[in-house]
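Participant: My structure is below; once you've seen it, I'll send some questions.
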Amino acid sequence: LTGISLRVDHAQTQIAADEGYQGSETLEEVQEMIASCQDETRDSISHLRDSTSTRGSMAVYVEDFLREEGSKEDVALTITTEGEPWPCDSFVVRQAVKVIREAFSNAVRHGEADAVSVEFRYVPEQLVVRLVDDGRGFVEDDSSAPGHYGIVGMKERAALIGARLEIVSKKGEGTEVMLTIPSSPRHG
């Protein structure tokens, strides 16, 4: 925020001095900085929340995010929840949310999906989150291309919380991502 303030002050000074300075580059930088700060603020807030502060379940918290992102991306989104939600450790929530966000982002941006369904199934021993899209799908080797770390990161986050991550995809047939979180997850 201090950086934003300094850039705005600079632009205002230059514009006030009327030195032929348009200020558009500086103002574009400011807009990018503001967007970045908004993202960081959202992440910070989500780090402060645990499952009880998200209206009782991880599913509801993730649903809010997915609906917002789905409307931006013009994706048909179906979300279902089965079973009785149980409380989750805030660290587990953060890691699981990041896995789900990445899976959704991959479906929309890389898979060019038109429809995504997300199912949260709570059972006494585990929470199963299943995300299925109708996108292009991929061959597993494609995901490890240089500069592509999304799936690797998803696997690492799942391992951190003692969860199991399964990804099934076929070119031209969409992708299914299943994250199985034990009710008493262990931290890696």
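Participant: At a Cα cut-off below 21 Å, give the lysines reachable from LYS98, other chains included and same-chain residues fewer than 8 away excluded.
Facilitator: LYS72, LYS155
Participant: Enter the accessible area of ILE151 (Å², nearest 10), with the probe set to 1.4 Å and all protein chains included.
Facilitator: Spelled out: ILE151, probe radius 1.4 Å, area about 20 Å².
The values are calculated or read from the model by the stated rules, or taken from the named source; none is laboratory data. Keep in mind the model is a prediction, meaning the values are calculated, not measured. Remember, those area values only see protein heavy atoms, side chains included, never the ligands or the DNA or RNA. Shrake-Rupley method; radii C 1.70, N 1.55, O 1.52, S 1.80 Å.
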